Amino acid sequence: MRRLLSLLLLFSLLLLPSCAATEPPEETAAAPKRVAVLFSSLAEAWQDAGGEVAITVRESVERGLVPEGTPLVDGGAGKRIDTERLLSLAPDLVIASADVPAQVAAAELCRAAGIKTLLFRVDTYADYRETLRAMTALTGDTAAMEALTALDGEITALLASPEAAAARGQRIVFIRAGGTAASTKAKLPSDHFAAAMLSELGCRNLAEEAPLLVDTLSTEAILAADPDHLFFSLMGDEAAARANVEALLSRPEWQALRAVREGRVTILSRALFHYKPCLRWAEAYRALIGIFSEEVKE
Amino acid sequence: MKRYPLTLFLLSVALLLLACLSLALGSADLSLSSLFAGLCGREGYETERAILLYVRLPRLLAAMLAGVGLSLSGVLLQDVMGNALAGPNTVGLNAGAGLFAVLLLALAPAAAPLLPLAAFLGATLAALLVLGLAEGAGGGRHTVILAGVCCSALFQAGISLLTAIDTDLLSEYSAFSVGGFAGVRISALILPAVLILLSLLAALLLSPRIRILSLGDSAATALGVRVRPLRAVALLLAALSAASVISFCGLLGFVGLLVPHAARRLVGPSLPRLLLTAPLLGGALLVAADLCSRLLFAPSDVPVGILTSLLGAPFFLFLLMKGRSRHA
């Protein structure tokens, strides 16, 4: 009977509009004790805010955020949540990503079951800052609040620094690369937080100049535009993606690009740019600024 | 009688014109003079040369080859199976190629450069499996179709399972499954070109016998045709041709189904005529589709597979309606 009810609730949830941005936390008498976090970047943010993760997804274990043996509700990155297991683990708070439909559905189900839920969307540093503020308001961790304030100050100073000016006006192409040529595509700032960071630094993403970016920029358009810098973000198997990028850059048409010939190609480090950098966000900005300011020195 | 040579001539001219347009036009606004300068290797025109030789020309050749290969496959499949809905999809070729591609990406992601080979092997083995199953069930035309449909469903389930287990695979597989010519290299076209042209030649040589199969198995046997071996050879030629195309451009939909129908409207049901007309028509269609994919949303590059499906479905309905009104 309970299973049928859960299925009916899930079905009706498909007809509802998806939840959007950050939701303000409900006031609670005490900080939640048994917290399920369905996304590894949010698990890291929750820990940054002084919280403990009791239930999560496999990716959080693989990233070393939680120990092996932590109860899991998905064997991957949280794109498919075992809602039955989640409910059976009886969390008192569920934190989920508003970007993942399965997590939105799981959160709604938990809410319907009387479990407090929070949905967050972290696409940029500003989103992370608001997320962390909301989380520290729940945990009451003053050290975490101070760390956030310090991070905010550091990033503000970095963005206003003379070195950051080197990035302004630079014409770039930001490419997400998988293991095959077909899965290698130019992306917009809205598609990846690193591309958003580059836009924030004043770079001109050539994909934004397309009236409508359908799938990807054509190779022809990239060749004709001859951008100042190419950025690659690797996805999937890192070795395969890296080999694919190297094979791509060695092709005659890509060798015709000044950026390739002159070494202005950056494969972004996964440590800082694959997952959200969280408290290392200043380090990520510094890395990007460093790329442009070094070019200026040369 | 004169219509057939005229049709061939007009299709050849259309293909030639489309080929010229395909080289002259693209998302980069380049003048003919600059393209010509690039072709001649003049200094200062390196970008034009790179675009012409390494982007537009490979795409043109790939589109032509894919059109020839898929159309040939569609003609053979529809003729041999006596079914107007037969195509590379029907005998599990696309699904077999997709499954092997996903298996490679799942088990050996570092071997991603071998994806074309995996897709080719998958399509070919799928065809052999379908043939084997059909033979075991009697070897009739309908059993081939049924075996193809079953195998397609099985392979699709395998693909869905693998992409459900490893969701990163989904984005890699999606790009492959839509089909397109972006990033294709001329070196990757050589072996498929040889296989497709050999398949076409073999099909032309066998066409007088293959066309007898359309009379039905009993009638064909009575006329001295060895039905089952001939059907198997024809299906293998169709599979080789389609598998060769899949290896360099992924799973392009509709071409193998639509082009034989359109060719029949032009030159009638004669197999030898179809084997020359359909490849020309298919090549022209895909060159035009590739050109549209590069221009319609320029500078975006829309995968050709999306266009062939978007345009193919209504055009197919148009052909069906036109055929129905003609019969009425």
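If you take the beta carbon distance between residue B:40 and residue B:214 as r and set R0 to 41 Å, what does 1/(1 + (r/R0)^6) give as a FRET efficiency, to the nearest 0.05?
0.20
Report, in whole Å, the centroid distance computed from the Cα atoms of region A:161-221 and region A:51-96.
33 Å
Give the relative contact order (percent, whole number) for region B:1-128; include only Cα pairs under 8 Å separated by 6+ residues.
14 percent
Once the other residues with Cβ under 14 Å from the Cβ of residue B:249 are scored (Lys, Arg +1; Asp, Glu -1), what is the net sum?
Numbers: positive: B:59, B:185; negative: B:290, B:301.
The answer is 0.
Tell me, what is the FRET efficiency for residue A:239 and residue B:142 to the nearest 0.05, using R0 = 45 angstrom and their Cβ-Cβ distance as r?
On the way: r = 47 Å, r/R0 = 1.05.
Result of the calculation: an efficiency of 0.45.
Roughly how many whole Å is it from the C-alpha centroid of region B:12-69 to that of region B:263-323?
So the two Cα centres are separated by 21 Å.
Place a +1 charge on the Cβ of each Lys and Arg in chain B and a -1 charge on the Cβ of each Asp and Glu, then give the dipole magnitude about the Cα centre in debye, rounded to the nearest 20. Walk me through the intermediate numbers first.
On the way: 20 positive and 12 negative charges, 300 e Å.
That gives chain B a dipole magnitude of about 1440 debye.
What is the packing order of peptides B:98-109, B:150-161, taking the mean over residues of other C-beta atoms within 10 Å and listing the highest first?
On the way: B:98-109: 22.2, B:150-161: 16.6.
Those peptides, ordered most packed to least, come out B:98-109, B:150-161.
Provide the net charge surrounding residue A:66, with neighbours chosen by a C-beta distance below 12 Å and charges set as Lys +1, Arg +1, Asp -1, Glu -1.
So the environment of residue A:66 carries a net charge of -3.
Computed FRET efficiency, Cβ-Cβ of residue B:318 and residue B:296, R0 22 Å: what is it to the nearest 0.05?
Efficiency computed from Cβ-Cβ geometry: 0.60.
Once label points are set 7 Å from the Cα along Cα→Cβ at both residue B:17 and residue A:68, what is their separation, rounded to one decimal in nm?
Calculated label separation equals 6.8 nm.
Place +1 on the Cβ of every Lys and Arg and -1 on the Cβ of every Asp and Glu in region A:116-244, take the dipole about the Cα centre, and give the residue among A:216, A:155, A:193 whose Cα lies farthest towards its positive end.
Positive-most Cα among the choices belongs to A:216.
So which of A:116/A:276; A:187/A:276; A:33/A:116 end up more than 23 Å apart by C-alpha?
Violating the 23 Å limit, Cα to Cα: A:116/A:276.
With the dipole of region B:1-145 worked out from charges on the C-beta (+1 for Lys and Arg, -1 for Asp and Glu) around the Cα centre, which of B:63, B:75, B:102 lies farthest toward the positive end?
The one lying farthest along the dipole's positive direction is B:75.
Using a simple charge model, +1 on the beta-carbon of Lys and Arg, -1 on the beta-carbon of Asp and Glu, nothing else, what dipole does chain A show about its Cα centre, in debye to the nearest 20?
Magnitude of the dipole: close to 540 debye.
For residue A:137, project a label point 7 Å along Cα to C-beta. Then give me every residue of region A:46-60 with its amide nitrogen under 17 Å of that point.
Within reach of a label on residue A:137: A:46, A:49-51.
Nearest 100 Å², what total accessible surface is buried between chain A and chain B (probe 1.4 Å)?
2500 Å²
For peptide B:48-56, compute the average count of partner chain beta-carbon atoms within 10 Å of each residue's beta-carbon.
That works out to 5 on average.
Counting only other chains, and only Cβ atoms inside 10 Å, what mean value do you get across the residues of B:102-108?
Across B:102-108, the average partner-chain Cβ count within 10 Å equals 2.
The values are calculated or read from the model by the stated rules, or taken from the named source; none is laboratory data. Just so it is clear, the model here is predicted, and its values are computed rather than measured. In this analysis, Cβ positions are derived from the backbone assuming ideal geometry, glycine residues included, and neighbour counts consider all displayed protein chains. These area figures cover heavy atoms from the full protein model, side chains too; ligands, DNA and RNA do not enter into them. Shrake-Rupley method; radii C 1.70, N 1.55, O 1.52, S 1.80 Å.
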